[in-house]
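Derivation of every value follows stated rules applied to the coordinates shown; laboratory data play no part. Since we're looking at a predicted model, the values are computed, not measured. Cβ atoms come from the backbone with ideal geometry, glycine included; neighbour counts cover every protein chain shown.
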Amino acid sequence: MTQPIELRAAPHQHSGRDVPTIMRNVVYSMLPICVFSIWQYGLSSAALIFVVTLSCLAAERINNHFSGSVNTLSDWSAAITGIILALTLPPAFPLWMGAVAGFSAIWLGKSIFGGLGQNPFNPALIGRAFVQAAFPTAISTWAPAFAPHRFSEFIPSSLAAPFMSPPDIVLWAKQQGVDAFTGATPLARWKFENISASSMDLLTGNVTASAGETSAILILLCGLYLAFRKFLDWRIPVAVLGSVVLVAWVFHFAQPARYPTPTFVLLSGGLMLGAWFMATDMATSPVTPRGIWLYGALIGILTVVIRYFGGLTEGVMYAILIANAAAPLLDQFSQPRVFGNERDKS
Amino acid sequence: MSVPSNFDEFLDGIWKQNPIFVMVLGMCPTLAVTVSAVNSISMGLATTFVLAASCLLVSILRSAIPKQVRIASYIVIIATFVTVVDYAIQAISLDLYEALGAYIKLIVANCILLGRAEAHAAKNPPLPATLNAFGMGLGFTLGLLAIGSVREVLGAGKLFGLSLFGPHFQPWVVMVLPPGGFFVLAAWLIVFAAFRHINIKRNTQLGGVQS
Amino acid sequence: MSDTPKTITPSFAMVRTLGLVSVICGIIIVGVYQITLPAVNANKKLALERQVFKVLPNAKKVVTYYATPTGIVIAEGQDQPPAQAMVFYAVYDNSNKLAGIAAEASSAGYADQVRVLYAYDIAKQAITGIGVVSMRETPGIGDKILTDEDFLRNFTALDVRLSADMQALANAVKTVKHGTKTNPWQIDAIAGATVTSKAVGRGINESAQTLIPRLLPHLEKLTGVTP
């Protein structure tokens, strides 16, 4: 007997990779960043990563329960959202606010659009944008790195009771014997005091910043691993970082006294983390090659513009969210010519 | 179709055809003034008064108003009562007047008002028309209150100006900003949609048993 | 209904109905206006006094004046403010002595106009207090201008002395970066709420630059009059 011929539409070949595999590898690649963050900020950072990730998983599970869909925890995407979100928050962020961020990331950022792959915006950044709007003071309160007792005690603001405002951490920083702690990120110090941090400090993470954005070189290595294993599209970070360097260089060239060096702009703030781990989210970035280049360039340009001229010190988050919104449009504008056809003129 | 009783007319707007959560009308004040419970109630009651008074007048004049000029007449009547409310609130409390701002005057553009005048008051005698309008107004007030109290509790830690959580409460700033209105409205719409969903499920199950 | 021929409403009927509706509505509006007018005015006066008393605690009575380039006139009894007039309030204490001057300053803040009322002390030639009339600044950031003690300390004696020719302030009021205040005419901004702090400084500067030169030459008018 001959077997019946099975008729199927394209695609016909599967690369052998499925969503859980990719997601799991992204989680692995972020583990070094988490470990470094914990080494830098101690218990508070560990607890923050744990709580935020757990709340993302809980939100996903509750959502599964009410929507009656299958269990989507096993595709690891909620865990990734949680870890990325935690890494973008300041290490002294109160844990209960971290939980709020986690729930809003999954619910506002993903579930209401229909789950994984349907979300127009990066869920982790939606969560961060929500808490940035809700708790503007807490999210711009930074803790000193390498405090001597960081493995034996929490930063006091981490343990603020739910719905209560966190205590001041300046006093705690003094007790810890951290000298010259200003509570300002390198970007804020540049914006308000015109002091640029040294590239060496930015590379190795010896600065005040969000839990996971301190060491540019570590993030670069982790990102390169993913790009090398082809788990992310290398063109996105290249386009983002390239356009940032280009725009920053133009400004610096025109007015060296006013605008910082491209190196500083490249290494400071959440740019590295954003370029490698957030802009590359597959569901929210374009698919056409030209669309990807445009998308990356848009993020880079917006980041520099917001940092230089906006009210905020850091612009990566809103730059990526705006570019996410533009992604479908970029796709539409940059459709490649179908082989044998004229280019669509419309 | 049987003529609904006066009581049904009154209940209609409060639950079955709630202007905010069922008809999703009057979104402009719903999103703009619901930063606190007091603001919400004041806005709701102001709208209720305008609604009831203008529907009464429309209903009385319904046979005298020719079809061609009815919209103009309704708007003039509604605008009149909005002006009345505007003066009244200024006389009662200037703080409240500042808080509600332009939205008192914008009651005139609230779709609920013209909708009620056109769809109900113009076709019914004064008593049911007024009762229906009154119910709609109260339904609107309840809807605003539901949104306003959530926003006040989260955004300021207070309800009707009374502190609920003590001085160390951390306000959710976003809740008193415009996005908070959208978030809370959406959350309530989800809650009511879930209710409806459960109701429909139960009714179909009951129907299955009976048949 | 379908078999009756369509009747055309005569224009007269439409005009008559609209006229009737307008008359009814007009009567209602005028009636309510008349009834509420005294209460509205009393409320407005009360609100003004409450704000003035906040910046000048020992005040008892408030009189509204207009300051024009040529002199000052009392506002009561004037239907229209004179051309280029600036409103200010002369504030008297228990014994009918001039306790100070209050005036409004406004400038664009982060979200909307920030309107503040400031108290001007004639003897000290300084601004001795501010209160916010209205603003829509971000809660938790911009509205620190109400609560931040360091910021409010700027306004215990903010120097607004006039220059020798009495045409402008000797030193323009200026908001400076947090922690860099060196002169009594500078305002130390709130860290993180610079835009709002600057709006306050700019508003006060604009208002004081015009008001005080107009006011000082005619001071005897205020001290003598006890209306």
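Quick notes on this one:
- Sites listed here are chymotrypsin sites (Phe, Trp or Tyr not before Pro) in region A:281-346 whose DSSP assignment is loop and whose Cβ has at most 10 other Cβ atoms within 10 Å: A:PHE339.
- All lysines inside 22 Å of C:LYS181 as judged from Cα atoms, apart from same-chain residues fewer than 8 positions distant: A:LYS191, C:LYS124, C:LYS144, C:LYS198
- Lysines with Cα under 17 Å of B:LYS67, excluding same-chain neighbours fewer than 8 positions away: B:LYS123, C:LYS6
- Charges were assigned to the Cβ only: +1 to each Lys and Arg, -1 to each Asp and Glu. The resulting dipole of region A:183-332 about its Cα centre is roughly 200 debye.
- Its residue count N sets the reference 2.2 N^0.38 Å, and the alpha-carbon radius of gyration of chain A equals 1.05 times that reference.
- 20 Å Cα-Cα reach of C:LYS44 towards lysines, excluding residues that sit fewer than 8 places from it in its own chain: B:LYS105, C:LYS54, C:LYS60, C:LYS61
- Over region A:183-332, the alpha carbon radius of gyration divided by the compact-protein estimate 2.2 N^0.38 Å works out to 1.00.
- Across region C:5-143, counting alpha-carbon atoms alone, Rg and Dmax equal 23.4, 86 Å.
- Basic side chains Lys and Arg get +1 at the Cβ, acidic Asp and Glu get -1 at the Cβ, and with that the dipole of chain B about its Cα centre reaches some 540 debye.
- Against the main long axis of the alpha-carbon atoms of chain C, helix C:194-215 sits at an angle near 80°.
- Dividing the summed helix terms, -39500 (n - 2.57) for each DSSP H run of n ≥ 4, by the number of residues in chain C produces a 222 nm estimate of -12000 deg cm²/dmol to the nearest 500.
- Residue exposure proxy: A:PHE93, B:PHE169, B:PHE160, ordered by other Cβ atoms within 10 angstrom of their Cβ from fewest to most, comes out as B:PHE160, B:PHE169, A:PHE93.
- As a ratio to 2.2 N^0.38 Å, the alpha-carbon radius of gyration for region C:71-225 is 1.06.
- Diffusion constant of region B:61-192 at 4 °C, which comes from Stokes-Einstein with the Kirkwood Cα-pair radius and 1.567 mPa s, µm²/s: 75
- Loop-located trypsin sites (Lys or Arg not before Pro) in region A:1-100 (DSSP state not H, G, I, E or B) with no more than 12 neighbouring Cβ atoms inside 10 Å: A:ARG8, A:ARG17.
- Relative frequency of Cα-Cα separations exceeding 38 Å in the protein assembly as shown, percent: 56
- Once exposed loop trypsin sites (Lys or Arg not before Pro) are cut out (DSSP; at most 15 other Cβ, 10 Å), longest piece of chain C: C:7-59
- The charge dipole of region B:56-176, taken about its Cα centre with unit charges on the Cβ of Lys, Arg, Asp and Glu (plus for the first two, minus for the last two), comes to roughly 480 debye.
- log10 of Debye I(q)/I(0), alpha-carbon scatterers only, for region B:133-207 at 0.18 Å⁻¹: -0.81
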